[in-house]
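Peer 1: Have a look at the structure that comes next, please.
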Amino acid sequence: VLKGNLRSPYFFKKKSFSKGDILHLYLSQEVSFLNKAAIKTALDRISENSYVILDASNTMYIDFDVLQIIKEYKEVIAPQNGIRVDLVGFKEAYQVENTLDEIYDDLIPSKSATSLKTHKEFVLDETF
């Protein structure tokens, strides 16, 4: 059990655009309290004016402490640093609001017109 919890709690894809980076962070199948520091460090290293997608679609378990870090990041830290955050795939039991319905592997949101507009605004809007 311990060995499984020490594996990387996430992996990511990053694309760079003139307005900033898009970082798609995929959470692993199980994210325990042992992964708390790694998740926090990864979020703290995200550049200002980036667009981040936190994806829990393949996650079976996320520890409460990690969920608190994600909530704080989305609600407090990211806005202070001009970082746009979308959440996808979080189970209802986590009490974390998903802001995207679905993601394509190439980082483009689908199904949600609002989310697609958000992505287009990030990539194309001169005011971002």
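The values are calculated or read from the model by the stated rules, or taken from the named source; none is laboratory data. From a predicted model like this one, the values you see are computed outputs, not experimental measurements. Backbone-built Cβ (ideal geometry, glycine too); neighbour counts: all protein chains shown.
Peer 1: Tally the residues that are loosely packed, with under 12 Cβ neighbours inside 10 Å and in contact with a strand residue (DSSP E or B) (Cβ under 6 Å, 6 or more places away or on another chain), restricting the search to the stretch 64-97.
Peer 2: Qualifying residue count, the stretch 64-97: 0.
This table checks each residue for (1) among the basic types (Lys, Arg); (2) farther than 16 Å from Thr99 by Cβ.
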site	(1), (2)
Ala38	no, yes
Ser47	no, yes
Val52	no, no
Tyr61	no, yes
Lys71	yes, no
Glu75	no, no
Asn81	no, yes
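Peer 1: Which helices (runs of 4 or more DSSP H) does the stretch 1-76 wholly contain that include 3 or more residues that are among the β-branched types (Val, Ile, Thr) and modelled with pLDDT of 90 or more?
Peer 2: Filter on the stretch 1-76 gives 64-72.
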